[in-house]
Amino acid sequence: MPRIKLPSKLPSPPPGAVPKSLQPSPGRPQEGNGKKSLKDKVIHDGTEAGTTVVDWVDERTSLSGALRWTLFRKVPKGTNWFYTLGSATLFAFLNQAVTGVFLAMYYDPSPTRAYESIRFVTNEAFLGEFVRGMHKWGSSVMVILIFLHMARVFFFGAYKYPRELNWVIGVTLLILTMTMAFTGYLLPFDQRSYWATIVGVNINGTGAFIGPYLSDFLRAGPDFGATTLSRFYAIHMMLIPGAIAALIGAHLYLVAKLGTTAPPWLKVESEPELREQEV
Amino acid sequence: MPDKRENIKSRYAEDREIPGAYEGETVTRRRFMVGTTHLAGAGAALAFTLPALAFALGPVFERQPATWEDVGPITAFNPNSYVPVNFTQTPGIGDVGRTTAYVRRFNPSIDGGQEPRDQYEAYIAISTRCAHLGCPVRYVAAAQRFICPCHGGVYDNLGKVNGGPPVRPLDRFYTRVRAGHLQIGPRFSVNSELNRFAPRDPGEPLDGIGQYLYPARFSTPKP
């Protein structure tokens, strides 16, 4: 089996740029006569091993194997653009993560300061309107992409054996993403987000028996109170993103392990000899 | 499968020829060490998860103190029309903690009965939180109705449901008079016969089995 070569040699520096003490020692006398014994070859490979950063890391982690296993997979015939919706969702999530971290540098989750800090980000911080816009609209994009991805998996029958667990993980990710959208909606703390949160928590409270207590947990009390905003912020910032990242890891591991499915319109082609025998 | 039965090992460590086994020993040293390690790990994990969980769940079980808010002299209120008052329901969070109630004096011809049921009913204070999903209702004097802008909930003069999606009448507040001033206290919910219940969130019916499906919470203040 041919090994896939990673770029293992860095470009050599111009002559004279490297001091003599750092230059590689000249080759052994027996090298260069064309014929090498096995022993020479082992010694030669040994001196060459681990000469670049990539080699150094790979020798200590074997990451290249995992990388090959993840990236150089066989894909079925008929793979098309619909198969990119999952990656698109992943990039939407990365966009949310990166812009969210930078928004957190300006945001202040206190009931009296939250609106003002968002106003500062939008109107005064350099590129603040752009970064906030990426986060705000990116959340809608992410939800839409999730549903498109889910529809692709459903209509292509890609949720069937042995991929049921990955469907379950995907649905969990959908629920977590909706929770992110719900908790993030409150953070600008304007009239729209305040009343939307009141309505959302009350919808949640209509679940029989545990609904009222769940609402109390979300609001940190019987009414929208002093710590509701920081509670939503903590759920939005720390609790759920970690869970989403971990589940995305499991989701991708199963994709790499189980492979992708062929589109349903592709017929299975049996070997010609077998086809004769089937008659 | 008779041969499989024969493969079951004795539960005594001695019979399994484990070196250094005591007579009658069933838990081997290895099993004991594995169990101890797991127990210690579980104990360490619980030592930080349980307090953190209780910390997050605490507000569910913590009863809020009743606050009585002064809303002005009683001469401002009459038995025939509602006067809106704005007061702080949740202290410490600025304007967000304020809410509005419609207040009038007890009126036998509207409320029924000759006199108020108890000391909290001399003045009727009706909450503006719609019993559907919590939007703010407003009183339309010409129609003598409370009307919700969100999903078309309509309530009559007493706050009972006339139409639309609300599942129970508008909530009310306990009221009391101190030194000629009206004070508004904790909120309570009512069913369609205006019987008092501990305050529920909007969307939770109180008629029939509703009061059991949506039990009273531990966190709501009592007068």
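The values are calculated or read from the model by the stated rules, or taken from the named source; none is laboratory data. What you are looking at is a predicted structure, and each value in this text was computed from that prediction instead of being measured. Here Cβ is always computed from backbone atoms with ideal geometry, including for glycine, and neighbour counts include all displayed protein chains. Just the protein is used for accessible areas: all its heavy atoms, side chains included, with ligands, DNA and RNA removed. Shrake-Rupley method; radii C 1.70, N 1.55, O 1.52, S 1.80 Å.
For this structure, a couple of remarks:
- Complete set of residues in segment B:166-191 that are open to solvent by 50 Å² or more (accessible area, probe 1.4 Å) and over 16 Å from residue B:120 (Cβ atoms): B:167, B:179
- Unique residue being under 18 Å from residue A:139 (Cβ atoms), in contact with a Gly (Cβ under 9 Å, 6 or more places away or on another chain) and modelled with pLDDT of 95 or more when the list is A:90, A:103: A:103
- Selected residue [surrounded by 15 or more Cβ atoms within 10 Å (Cβ to Cβ) and within 22 Å of residue B:113 (Cα to Cα)] from B:200, B:145: B:145
- Residue tally, condition within 9 Å of chain B (Cβ to nearest Cβ) and in contact (Cβ under 8 Å) with a residue 40 or more places away in the chain, over segment A:187-196: 1
- Wholly within segment A:108-208, helices (runs of 4 or more DSSP H) carrying at least 1 residues that are modelled with pLDDT of 95 or more and of a type in the set (D, E, K, R): A:114-123, A:128-155, A:164-186
- Of the candidates B:67, B:88, the single residue that is hydroxyl-bearing (Ser, Thr, Tyr), surrounded by 13 or more Cβ atoms within 10 Å (Cβ to Cβ), touching a helix residue (DSSP H, G or I) at 6+ places or on another chain (Cβ under 9 Å) and farther than 22 Å from residue B:158 by Cα is B:88.
- When we screen A:47, A:61 for residues that are farther than 30 Å from residue A:142 by Cα, of a type in the set (S, T, N, Q) and either open to solvent by 90 Å² or more (accessible area, probe 1.4 Å) or modelled with pLDDT of 90 or more (or both), the only hit is A:61.
- Test: residue A:100 is open to solvent by less than 40 Å² (accessible area, probe 1.4 Å), in contact (Cβ under 8 Å) with a residue 24 or more places away in the chain and under 22 Å from residue A:245 (Cα atoms): yes
- The set of residues in segment A:197-209 that are more than 7 Å from chain B (Cβ to nearest Cβ) and surrounded by fewer than 21 Cβ atoms within 10 Å (Cβ to Cβ) comprises A:200, A:204, A:207.
- Filtering segment A:210-227 to residues that are in a helix (DSSP H, G or I), open to solvent by 40 Å² or more (accessible area, probe 1.4 Å) and more than 7 Å from every other protein chain (Cβ to nearest Cβ) leaves only A:214.
- Any chance residue B:144 is of a type in the set (S, T, N, Q) and either touching an Asp or Glu at 6+ places or on another chain (Cβ under 6 Å) or closer than 19 Å to residue A:203 by Cα (or both): no
- Boolean, residue A:177 is in contact (Cβ under 8 Å) with a residue 40 or more places away in the chain and either at positive phi or open to solvent by less than 30 Å² (accessible area, probe 1.4 Å) (or both): yes
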